[in-house]
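Encoded as structure tokens, the structure appears first; notes follow it.
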Amino acid sequence: MTQAESFIRHVIKKQEIGHAYLLESAAPGQALREMRLAARLIACEKGNGCGECPSCRALASGNHPDIISIQKAKEAYSVQEIRTQLVGDMGIKPYRFPRKIYMIPEAEKLSALCQNVLLKTLEEPPSYGVILLAAANRHAFLPTVLSRLVCLSADEGEDAPQKEEGASPEAFYDFLNGLRQAYAADCLAIPDQLAAQGISPEEQLRLWEKSLQMIYTAKGGGPLPAEEFLRKKLWKDLASRLSDRQLKDLWEDLQLVKSRLRSYMKANQVLGLFMIHMRDALLESEEK
Ligand SMILES: [Zn+2]
């Protein structure tokens, strides 16, 4: 059983079904399968996908009025599609069943604009609303959106392909941990040092994105992914030091870094400057 399935079964049992779940798997079709399973379990009157209750039967007939799969006409979702099929539709009460469940397949194809349109619904869903997203990668999402989602791995436990992440990122987290005490000049040198330890600028960028997302998640009080358990203290500490505005600025800054990394040669300098911004933000909040 995948983490996603066992988690969903658990919340159904506890009668604590949340409003938004992201099912993540890089394996083709896997996140989609798990999303459909989650919808079936949540909608089932017995909570186990019994196959016999009215909800399960409606689903089997392909005609469940309260499980809606968002459709896209092109490769990516359009804002209009998200508005009409989800945001607007969510305001209409379920036709027949207690919950209305929306499924978004290939949710990594939601642009930042679409995600922003979705955000308000994620923040204040009606009591009957559940949104399920299937995506290859949670890093496709804005941290504001991600902080509203419970992220679940849709990969089968033992057989899950381990992502090759190159060198151990621990050196990066060590620097992040001590960043407040670093001098600006040191910040500029850190990306080079990390690169020398096998953490490429691209990987550093990825780790920065992930870090900001974890800080957002910690700030929103959302559950951190299981693999981040050991770093929980770091994320909570950083979340307590940075304001929403600072985090937003840093995120935008990081997007600039990303675009510059593509065009500049001196990747490490760009990353070093970002480190200074992050450090300054941490010091600024300390002065208050
Ligand atoms: Zn059933």
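Among Arg83, Arg57, Arg36, which is the only one that is within 13 Å of the ligand (Cβ to nearest atom) and in a helix (DSSP H, G or I)?
Being within 13 Å of the ligand (Cβ to nearest atom) and in a helix (DSSP H, G or I) holds for just one of Arg83, Arg57, Arg36, which is Arg57.
Pull out all pairs, ordered by first then second residue, where Cβ-Cβ is under 9 Å, the residues are six or more apart or on different chains, the first lies in segment 224-247 and is within 21 Å of Glu24 (Cα to Cα) and touching a residue at least 40 places away in the same chain (Cβ under 8 Å), and the second is among the β-branched types (Val, Ile, Thr) and surrounded by 17 or more Cβ atoms within 10 Å (Cβ to Cβ).
Pro225/Thr217
Quick check on Arg57: is it surrounded by 13 or more Cβ atoms within 10 Å (Cβ to Cβ), closer than 18 Å to Leu152 by Cβ and of a type in the set (Lys, Arg)?
Values: surrounded by 13 or more Cβ atoms within 10 Å (Cβ to Cβ): yes; closer than 18 Å to Leu152 by Cβ: no; of a type in the set (Lys, Arg): yes.
No; evaluated as a whole, the condition is false for this residue.
Of all the residues that make up segment 10-33, how many are more than 13 Å from the ligand (Cβ to nearest atom) and either assigned by TED's automatic domain parsing to the domain that holds Pro223 or part of a helix (DSSP H, G or I) (or both)?
So the count comes out to 7.
Being at pLDDT below 95 and in contact with a helix residue (DSSP H, G or I) (Cβ under 7 Å, 6 or more places away or on another chain) narrows it down to one residue among Pro126, Pro143, Pro105; which is it?
Result: Pro143 is the single residue among Pro126, Pro143, Pro105 that is at pLDDT below 95 and in contact with a helix residue (DSSP H, G or I) (Cβ under 7 Å, 6 or more places away or on another chain).
Look through segment 60-72, keep the residues that are buried (at least 17 other Cβ atoms within 10 Å of the Cβ) and not in a strand (DSSP E or B), and return whichever of them is nearest to the ligand (Cβ to nearest atom).
Per the stated criteria, the residue is His64.
Hey, among Leu250, Leu282, Leu212, which residue is under 21 Å from Arg180 (Cβ atoms), touching a Phe, Trp or Tyr at 6+ places or on another chain (Cβ under 6 Å) and at pLDDT 85 or above?
Answer to the selection: Leu212.
The values are calculated or read from the model by the stated rules, or taken from the named source; none is laboratory data. Everything quoted here is computed from the prediction, not taken from an experiment. Neighbour counts run over all protein chains shown; Cβ positions are idealised from the backbone, glycine included.
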